[in-house]
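Structure record follows, encoded as structure tokens.
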Amino acid sequence: MTRKILLAPSILSADFAKMAEELKVVEDSGADWVHVDVMDGHFVPNLTFGPPLIKAFRQHSRLPFDVHLMIESPERWLEAWRDAGADRITFHIEACRHAHRYLTAVREMGLASGITLNPQTPLCAVEHVLEECDQVLLMTVNPGFGGQKFIEPLIDKISKLRAMIDARGLKTLIQVDGGISLQNAQRISAAGADILVMGSAFFAAEDKSRLAREVHSL
Ligand code: DX5
Ligand code: ZN
């Protein structure tokens, strides 16, 4: 069976002072989604964008906005992200107590739902909510910063999640985030990933259209 591999550039590595232009660069490259890393300075040691900024960014892109919430108590803000223009919302299982309830709430708002797992969080954390997830995001670095090194043993976690999803005949997408470049993209997609998030590797690439084409041909 062939799966189309999608590319979701993370604007964490964009020039924040030129975001309108950077979003056009992402769209013109042929990439599929805009990955928006939201950090609150509590769940992760960094701060990025809130709803007003995302709303402003939204005016400059037609691509789906894939909002990765690295925040405590993500359930408090679900409507705010939707109103800002999110199309897909993933939140960390480590940051919330009632994942099933909030995944359902995201879908009821008409958005795609997703759970994110930190590197150390075992796959059994999503086992009983997998049916409610349009995507599962596996972190392959410790969240908080771009430009970190891919944690190699997590390749096995991607394969195990692929097996879990396929065994149940689900359409849940596997997204992988952290330390991805063309150097390791082949192995990550072969392990079972559907969506590759790329921050530093995307924005450092001289020919971004070529990068997107290479990801699509994996
Ligand atoms: C890290 C973020 C990632 C990050 C990826 O906390 O979730 O999306 O931007 O950046 P690279 O591709 O540089 O590891
Ligand atoms: Zn991310």
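The values are calculated or read from the model by the stated rules, or taken from the named source; none is laboratory data. Bear in mind the structure is a predicted one, so any value in this text is a computation, not a measurement. Heads up, the Cβs are rebuilt from the backbone with ideal geometry, glycines too, and the neighbour counts pull from every protein chain shown. Please note that ligands, DNA and RNA were not included when accessible areas were found on the heavy atoms of the full protein model with its side chains. Shrake-Rupley method; radii C 1.70, N 1.55, O 1.52, S 1.80 Å.
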State whether the residues of the stretch 195-206 include one that is out of contact with any strand residue (DSSP E or B) (no Cβ under 8 Å at 6 or more places or on another chain), open to solvent by 50 Å² or more (accessible area, probe 1.4 Å) and either of a type in the set (V, I, T) or under 27 Å from L130 (Cβ atoms) (or both). no
Restricting to the stretch 186-203, name every residue that is farther than 16 Å from T2 by Cα, among the aliphatic types (A, V, I, L, M) and in a helix (DSSP H, G or I). A201
List pairs: first in the stretch 24-35 and open to solvent by less than 40 Å² (accessible area, probe 1.4 Å) and of a type in the set (S, T, N, Q), second within 16 Å of ligand 1 (Cβ to nearest atom) and at pLDDT 95 or above, Cβ under 9 Å, 6+ apart or cross-chain? S29/L7; S29/P9; S29/F202; S29/A205; S29/K208; S29/L211; S29/A212
Residues that are basic (K, R), at least 1 per element: which strands (runs of 3 or more DSSP E) completely within the stretch 64-178 meet that? 88-92
Looking at the structure I just gave you, is E206 assigned to a loop (DSSP other than H, G, I, E, B), free of Cβ contacts under 8 Å to residues at least 60 places away in the same chain and not aromatic (F, W, Y)? yes
Residues that are modelled with pLDDT of 95 or more, within 17 Å of the chain's Cα centre (by Cα), away from ligand 2 (no atom under 16 Å from the Cβ) and of a type outside the set (A, V, I, L, M): does the stretch 73-84 have at least one? yes
Report the residue count in the stretch 32-45 for those that are more than 14 Å from ligand 2 (Cβ to nearest atom) and closer than 17 Å to A86 by Cβ. 1
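Taking D177 as the residue in question, decide whether it is buried (at least 22 other Cβ atoms within 10 Å of the Cβ) and among the acidic types (D, E).
Taking the combined requirement at face value, the residue satisfies it.
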Starting from the stretch 160-173, keep only residues that are without any contact (Cβ under 8 Å) to a residue 24 or more places away in the chain, then list their pairs with residues that are open to solvent by 30 Å² or more (accessible area, probe 1.4 Å) and not in a helix (DSSP H, G or I) whose Cβ atoms are within a distance under 6 Å, requiring at least 6 positions of separation or different chains. none
Residues within the stretch 114-132 that are within 16 Å of ligand 2 (Cβ to nearest atom) and buried (at least 17 other Cβ atoms within 10 Å of the Cβ), tallied: 6
Consider the stretch 13-30. How many of its residues are over 19 Å from A193 (Cβ atoms) and either of a type in the set (A, V, I, L, M) or not in a helix (DSSP H, G or I) (or both)? 8
Would you check which residues across the stretch 51-66 are within 16 Å of ligand 1 (Cβ to nearest atom) and either over 18 Å from D15 (Cα atoms) or more than 15 Å from the chain's Cα centre (by Cα) (or both) and list them? L53, I54, F57, L63, P64, D66
Test for L47: is it over 21 Å from T104 (Cβ atoms), among the aliphatic types (A, V, I, L, M) and in contact with a Gly (Cβ under 7 Å, 6 or more places away or on another chain): yes
